[in-house]
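The values are calculated or read from the model by the stated rules, or taken from the named source; none is laboratory data. Computed from a prediction, not measured in an experiment: that's the story for all the values here. Positions of Cβ are backbone-derived with ideal geometry, glycine not excepted, and every protein chain shown enters the neighbour counts. The area values use the complete protein model at the heavy-atom level, side chains included, leaving out ligands, DNA and RNA. Shrake-Rupley method; radii C 1.70, N 1.55, O 1.52, S 1.80 Å.
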Amino acid sequence: MAVEMRLPAVHKHISLATSQSNRDDKHLVVPGDVITSDTGFMRGHGTYMDEDRLTASVAGEVERVNKLICVRPLKTRYNGEVGDVVVGRITEVQQKRWKVETNSRLDSVLLLSSVNLPGGELRRRSTQDELAMRDYLQEGDLINAEVQSIFSDGALSLHTRSLKYGKLGQGVLVLVSPSLVKRQKTHFHNLPCGASIILGNNGYVWLYPTPGHQDEEAGGYYTSMEPVSLSDREVISRLRNCLLALSAHKVLLYDTSVLYCYEASLPHQIKDILKPEIMEEIILETRTRLVEHEG
(Lines give C-alpha, C1' and ligand atoms only; values in the text may rest on other atoms or scores of the structure.)
Protein backbone atom coordinates (compact mmCIF):
# COMPACT_ATOMS: atom_id res chain seq x y z
CA MET A 1 0.00 0.00 0.00
CA ALA A 2 1.44 3.37 -1.05
CA VAL A 3 1.75 5.93 1.73
CA GLU A 4 2.18 9.61 0.95
CA MET A 5 4.35 11.53 3.42
CA ARG A 6 4.57 15.31 3.60
CA LEU A 7 7.41 17.08 5.34
CA PRO A 8 7.52 20.78 6.32
CA ALA A 9 9.37 22.95 3.84
CA VAL A 10 11.53 25.98 4.59
CA HIS A 11 10.40 29.07 2.67
CA LYS A 12 12.66 31.96 1.87
CA HIS A 13 11.45 35.22 3.40
CA ILE A 14 10.40 37.50 0.56
CA SER A 15 9.61 41.14 1.18
CA LEU A 16 6.22 42.19 -0.17
CA ALA A 17 6.55 45.79 0.96
CA THR A 18 4.90 47.18 -2.15
CA SER A 19 1.76 45.12 -1.82
CA GLN A 20 1.69 45.77 1.94
CA SER A 21 1.71 49.54 1.40
CA ASN A 22 -1.12 49.19 -1.13
CA ARG A 23 -3.10 47.20 1.42
CA ASP A 24 -2.58 49.84 4.10
CA ASP A 25 -4.09 52.50 1.82
CA LYS A 26 -7.47 50.73 1.93
CA HIS A 27 -9.81 51.37 4.85
CA LEU A 28 -11.12 47.89 5.73
CA VAL A 29 -13.91 47.50 8.30
CA VAL A 30 -15.90 44.69 9.93
CA PRO A 31 -19.54 44.84 11.15
CA GLY A 32 -19.82 47.19 14.14
CA ASP A 33 -16.77 49.31 13.31
CA VAL A 34 -17.36 53.05 13.59
CA ILE A 35 -16.50 54.68 10.26
CA THR A 36 -16.94 58.29 11.35
CA SER A 37 -18.63 60.36 14.04
CA ASP A 38 -19.03 63.36 11.75
CA THR A 39 -22.75 64.00 11.12
CA GLY A 40 -22.06 65.76 7.82
CA PHE A 41 -21.85 62.51 5.81
CA MET A 42 -24.69 60.65 4.07
CA ARG A 43 -25.32 56.98 4.82
CA GLY A 44 -24.76 54.61 1.87
CA HIS A 45 -24.98 50.85 1.30
CA GLY A 46 -23.43 48.68 4.02
CA THR A 47 -23.75 51.29 6.79
CA TYR A 48 -26.21 52.32 9.52
CA MET A 49 -26.49 55.09 12.13
CA ASP A 50 -25.79 54.16 15.74
CA GLU A 51 -26.12 57.10 18.19
CA ASP A 52 -25.05 59.68 15.57
CA ARG A 53 -22.11 57.52 14.52
CA LEU A 54 -21.85 56.00 11.04
CA THR A 55 -21.22 52.27 11.56
CA ALA A 56 -20.40 49.45 9.14
CA SER A 57 -22.98 46.65 8.76
CA VAL A 58 -20.84 44.42 6.49
CA ALA A 59 -17.16 43.48 6.23
CA GLY A 60 -15.50 45.28 3.35
CA GLU A 61 -13.74 48.35 2.00
CA VAL A 62 -14.95 51.88 2.76
CA GLU A 63 -15.68 53.94 -0.34
CA ARG A 64 -16.33 57.66 -0.20
CA VAL A 65 -17.85 59.77 -2.98
CA ASN A 66 -18.07 63.41 -1.89
CA LYS A 67 -20.31 63.25 1.20
CA LEU A 68 -21.62 59.73 0.57
CA ILE A 69 -19.97 56.86 2.45
CA CYS A 70 -20.66 53.20 1.65
CA VAL A 71 -18.96 49.87 2.35
CA ARG A 72 -18.24 47.55 -0.59
CA PRO A 73 -18.45 43.95 0.71
CA LEU A 74 -15.45 41.70 0.14
CA LYS A 75 -17.69 38.68 -0.40
CA THR A 76 -21.08 39.10 -2.03
CA ARG A 77 -23.19 37.99 -4.94
CA TYR A 78 -22.54 39.69 -8.26
CA ASN A 79 -23.78 43.27 -8.62
CA GLY A 80 -23.82 43.94 -12.35
CA GLU A 81 -22.83 47.14 -14.13
CA VAL A 82 -23.54 48.14 -17.72
CA GLY A 83 -20.74 46.92 -20.00
CA ASP A 84 -19.69 43.98 -17.81
CA VAL A 85 -18.74 40.71 -19.51
CA VAL A 86 -20.54 37.77 -17.90
CA VAL A 87 -20.63 34.01 -18.36
CA GLY A 88 -23.99 32.41 -17.56
CA ARG A 89 -26.14 29.31 -17.95
CA ILE A 90 -29.59 29.23 -19.57
CA THR A 91 -32.14 28.12 -16.96
CA GLU A 92 -35.44 28.73 -18.74
CA VAL A 93 -36.85 29.53 -22.18
CA GLN A 94 -39.77 31.97 -21.97
CA GLN A 95 -41.77 34.09 -24.38
CA LYS A 96 -39.29 36.12 -26.47
CA ARG A 97 -36.60 35.78 -23.77
CA TRP A 98 -34.22 33.41 -22.01
CA LYS A 99 -33.59 33.38 -18.26
CA VAL A 100 -29.86 33.18 -17.44
CA GLU A 101 -28.15 32.28 -14.14
CA THR A 102 -25.29 34.77 -13.68
CA ASN A 103 -24.50 34.46 -9.94
CA SER A 104 -26.52 37.62 -9.18
CA ARG A 105 -29.47 38.01 -6.79
CA LEU A 106 -32.00 37.63 -9.62
CA ASP A 107 -31.92 35.67 -12.87
CA SER A 108 -30.70 37.78 -15.79
CA VAL A 109 -32.74 38.20 -18.97
CA LEU A 110 -31.57 37.69 -22.56
CA LEU A 111 -34.22 39.04 -24.95
CA LEU A 112 -34.75 37.47 -28.37
CA SER A 113 -34.24 40.94 -29.87
CA SER A 114 -30.82 41.17 -28.16
CA VAL A 115 -29.18 38.22 -29.96
CA ASN A 116 -27.73 37.82 -33.43
CA LEU A 117 -29.78 35.68 -35.77
CA PRO A 118 -27.90 32.79 -37.44
CA GLY A 119 -26.19 34.13 -40.53
CA GLY A 120 -26.05 37.64 -39.06
CA GLU A 121 -29.41 38.71 -40.56
CA LEU A 122 -30.66 42.14 -39.52
CA ARG A 123 -34.48 42.10 -39.40
CA ARG A 124 -37.41 42.17 -37.01
CA ARG A 125 -37.94 38.98 -35.02
CA SER A 126 -40.90 36.99 -36.31
CA THR A 127 -43.13 34.28 -34.86
CA GLN A 128 -40.93 31.67 -36.57
CA ASP A 129 -37.90 33.02 -34.68
CA GLU A 130 -39.84 32.73 -31.43
CA LEU A 131 -40.77 29.11 -32.19
CA ALA A 132 -37.12 28.32 -33.03
CA MET A 133 -35.69 29.78 -29.81
CA ARG A 134 -34.65 26.35 -28.51
CA ASP A 135 -32.70 25.76 -31.72
CA TYR A 136 -30.56 28.79 -30.79
CA LEU A 137 -30.21 28.29 -27.03
CA GLN A 138 -31.79 25.75 -24.70
CA GLU A 139 -31.75 24.97 -20.99
CA GLY A 140 -28.28 24.10 -19.71
CA ASP A 141 -26.37 25.93 -22.47
CA LEU A 142 -23.49 28.15 -21.36
CA ILE A 143 -23.20 31.61 -22.94
CA ASN A 144 -21.03 34.67 -22.59
CA ALA A 145 -22.70 38.03 -22.96
CA GLU A 146 -22.49 41.70 -22.05
CA VAL A 147 -24.71 43.60 -19.61
CA GLN A 148 -26.82 45.95 -21.72
CA SER A 149 -28.96 47.55 -19.01
CA ILE A 150 -30.28 47.00 -15.48
CA PHE A 151 -33.99 46.73 -14.72
CA SER A 152 -35.59 48.66 -11.85
CA ASP A 153 -35.70 45.52 -9.67
CA GLY A 154 -31.94 44.94 -10.14
CA ALA A 155 -32.18 42.16 -12.74
CA LEU A 156 -29.68 42.38 -15.60
CA SER A 157 -30.57 42.63 -19.28
CA LEU A 158 -27.93 40.93 -21.47
CA HIS A 159 -27.06 41.06 -25.17
CA THR A 160 -24.89 38.97 -27.50
CA ARG A 161 -24.82 41.31 -30.51
CA SER A 162 -21.18 40.61 -31.33
CA LEU A 163 -19.28 37.63 -32.72
CA LYS A 164 -17.16 37.44 -29.56
CA TYR A 165 -20.33 36.71 -27.54
CA GLY A 166 -22.68 33.76 -27.90
CA LYS A 167 -22.90 30.08 -27.06
CA LEU A 168 -19.86 28.43 -25.46
CA GLY A 169 -18.57 25.07 -26.70
CA GLN A 170 -16.09 22.68 -25.11
CA GLY A 171 -14.23 23.87 -22.04
CA VAL A 172 -14.20 24.05 -18.26
CA LEU A 173 -16.22 26.40 -16.03
CA VAL A 174 -14.53 27.58 -12.81
CA LEU A 175 -16.52 29.42 -10.13
CA VAL A 176 -14.72 32.08 -8.06
CA SER A 177 -15.78 35.10 -6.03
CA PRO A 178 -16.81 38.07 -8.25
CA SER A 179 -14.72 40.40 -6.07
CA LEU A 180 -11.53 38.57 -7.19
CA VAL A 181 -11.99 39.30 -10.92
CA LYS A 182 -10.09 42.45 -11.84
CA ARG A 183 -11.95 44.88 -14.12
CA GLN A 184 -10.06 45.42 -17.36
CA LYS A 185 -10.64 46.74 -20.87
CA THR A 186 -10.90 43.18 -22.22
CA HIS A 187 -11.82 39.97 -20.43
CA PHE A 188 -11.01 37.68 -23.38
CA HIS A 189 -7.41 36.45 -23.35
CA ASN A 190 -5.52 34.01 -25.57
CA LEU A 191 -2.79 32.80 -23.23
CA PRO A 192 0.62 31.82 -24.70
CA CYS A 193 0.34 28.39 -23.05
CA GLY A 194 -2.17 27.31 -25.72
CA ALA A 195 -5.53 27.92 -24.03
CA SER A 196 -7.94 30.86 -23.88
CA ILE A 197 -9.79 32.30 -20.91
CA ILE A 198 -12.93 34.40 -20.43
CA LEU A 199 -12.86 36.14 -17.06
CA GLY A 200 -16.53 36.89 -16.36
CA ASN A 201 -17.13 39.84 -14.04
CA ASN A 202 -19.72 37.68 -12.28
CA GLY A 203 -17.07 35.20 -11.04
CA TYR A 204 -17.70 32.58 -13.73
CA VAL A 205 -14.41 31.86 -15.56
CA TRP A 206 -14.43 29.86 -18.80
CA LEU A 207 -11.35 27.95 -19.99
CA TYR A 208 -11.25 26.52 -23.51
CA PRO A 209 -8.76 25.51 -26.21
CA THR A 210 -7.73 28.45 -28.41
CA PRO A 211 -9.84 28.13 -31.58
CA GLY A 212 -8.06 27.97 -34.93
CA HIS A 213 -10.75 29.92 -36.80
CA GLN A 214 -14.14 31.50 -36.12
CA ASP A 215 -17.12 30.64 -38.30
CA GLU A 216 -18.67 34.06 -38.82
CA GLU A 217 -21.69 32.65 -40.67
CA ALA A 218 -22.87 30.90 -37.50
CA GLY A 219 -23.64 34.20 -35.73
CA GLY A 220 -22.28 33.01 -32.38
CA TYR A 221 -24.17 29.68 -32.25
CA TYR A 222 -21.53 27.39 -33.78
CA THR A 223 -19.76 25.15 -31.25
CA SER A 224 -16.97 22.83 -32.35
CA MET A 225 -17.47 19.28 -31.07
CA GLU A 226 -14.18 17.92 -32.43
CA PRO A 227 -12.08 15.94 -29.90
CA VAL A 228 -9.73 18.09 -27.82
CA SER A 229 -6.12 16.91 -27.84
CA LEU A 230 -4.52 15.52 -24.67
CA SER A 231 -2.00 18.40 -24.50
CA ASP A 232 -4.83 20.98 -24.59
CA ARG A 233 -6.75 19.12 -21.88
CA GLU A 234 -3.65 19.05 -19.67
CA VAL A 235 -3.10 22.81 -20.13
CA ILE A 236 -6.75 23.53 -19.29
CA SER A 237 -6.62 21.24 -16.22
CA ARG A 238 -3.47 22.99 -14.98
CA LEU A 239 -5.06 26.42 -15.51
CA ARG A 240 -8.17 25.29 -13.65
CA ASN A 241 -6.13 24.20 -10.61
CA CYS A 242 -4.14 27.46 -10.78
CA LEU A 243 -7.40 29.47 -10.71
CA LEU A 244 -8.60 27.54 -7.66
CA ALA A 245 -5.23 28.14 -5.93
CA LEU A 246 -5.33 31.89 -6.68
CA SER A 247 -8.93 32.06 -5.47
CA ALA A 248 -8.14 30.20 -2.24
CA HIS A 249 -5.36 32.70 -1.45
CA LYS A 250 -7.49 35.75 -2.48
CA VAL A 251 -5.23 36.87 -5.35
CA LEU A 252 -6.84 39.14 -7.99
CA LEU A 253 -7.54 37.26 -11.21
CA TYR A 254 -6.39 38.79 -14.49
CA ASP A 255 -4.32 37.58 -17.44
CA THR A 256 -0.90 38.36 -15.87
CA SER A 257 -1.61 36.72 -12.49
CA VAL A 258 -3.05 33.59 -14.14
CA LEU A 259 -0.07 33.29 -16.49
CA TYR A 260 2.50 33.79 -13.69
CA CYS A 261 0.72 31.15 -11.57
CA TYR A 262 0.68 28.74 -14.52
CA GLU A 263 4.43 29.20 -15.08
CA ALA A 264 5.16 28.77 -11.36
CA SER A 265 3.20 25.48 -11.34
CA LEU A 266 5.09 23.87 -14.25
CA PRO A 267 7.65 22.01 -12.05
CA HIS A 268 4.75 20.22 -10.29
CA GLN A 269 2.26 17.64 -11.50
CA ILE A 270 -1.25 18.91 -12.20
CA LYS A 271 -2.82 16.85 -9.38
CA ASP A 272 -0.28 18.19 -6.84
CA ILE A 273 -1.07 21.89 -7.39
CA LEU A 274 -3.96 21.82 -4.90
CA LYS A 275 -1.88 20.27 -2.08
CA PRO A 276 -1.64 22.97 0.63
CA GLU A 277 2.17 23.23 0.84
CA ILE A 278 2.68 23.20 -2.96
CA MET A 279 -0.17 25.67 -3.44
CA GLU A 280 1.42 28.03 -0.92
CA GLU A 281 4.79 27.78 -2.68
CA ILE A 282 3.26 28.51 -6.11
CA ILE A 283 1.21 31.47 -4.83
CA LEU A 284 4.24 32.94 -3.02
CA GLU A 285 6.28 32.87 -6.25
CA THR A 286 3.33 34.34 -8.18
CA ARG A 287 2.89 37.20 -5.71
CA THR A 288 6.62 37.94 -5.82
CA ARG A 289 6.60 38.20 -9.63
CA LEU A 290 3.47 40.39 -9.53
CA VAL A 291 5.14 42.78 -7.07
CA GLU A 292 8.22 42.96 -9.30
CA HIS A 293 6.01 43.49 -12.36
CA GLU A 294 4.06 46.34 -10.69
CA GLY A 295 7.20 47.89 -9.22
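Data table
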| item | result |
| --- | --- |
| Ranked order, Arg134, Arg238, Arg89 - accessible area, probe 1.4 Å, largest first | Arg134, Arg89, Arg238 |
| Exposed-site-free run, longest, the chain (rule: GluC sites (Glu not before Pro); DSSP loop; at most 14 other C-beta within 10 Å) | 140-295 |
| Exceeding the 23 Å Cα-Cα cut-off - candidates Lys26/Lys75; Lys182/Lys250; Lys99/Lys164; Lys164/Lys271; Lys96/Lys182 | Lys164/Lys271; Lys96/Lys182 |
| Under 10 Å, Cβ to Cβ, from Val100 - net charge with Lys/Arg +1 and Asp/Glu -1 | -1 |
| Under the Karplus curve 6.51 cos²θ - 1.76 cosθ + 1.60, θ = phi - 60°, whole-Hz ³J(HN,Hα) for the stretch 169-176, x wherever Gly or Pro sits | x, 8, x, 10, 9, 10, 9, 10 |
| Where chymotrypsin sites (Phe, Trp or Tyr not before Pro) fall in DSSP loop in the stretch 102-177, at most 11 other Cβ within 10 Å | Phe151 |
| Rounded to 5, the percent of DSSP beta bridges in the stretch 23-155 classed as antiparallel | 90 percent |
| Exposure ranking of Tyr260, Tyr48 by accessible area [1.4 Å probe, largest first] | Tyr48, Tyr260 |
| Of all accessible heavy-atom area on the chain, the percent that carbon and sulfur account for (1.4 Å) | 50 percent |
| Accessible surface ranking that places the most exposed of Thr288, Thr39 first, with a 1.4 angstrom probe | Thr39, Thr288 |
| Peptide ranges 189-195, 266-272 listed from the most packed, as the mean C-beta count within 10 angstrom indicates | 189-195, 266-272 |
| Label corresponding to Rg and Dmax of the Cα atoms in Å when calculated from the structure given, among (i) 22.4, 70; (ii) 20.6, 71; (iii) 18.2, 54 | (i) |
| Centre separation in Å (Cα based) which lies between the stretch 88-104 and the stretch 135-155 | 5 Å |
| Computed accessible area, Lys164, all protein chains, 1.4 angstrom probe, square angstrom | 110 Å² |
| Unpaired by the 4.7 Å Cβ criterion, cysteines found in the chain | Cys70, Cys193 |
| Cα shape, the stretch 99-163, gyration tensor, a/c 1.5 rule | prolate |
| Accessible surface, per residue, of the chain when the full set of protein chains is kept, probe 1.4 Å, Å² | 58 Å² |
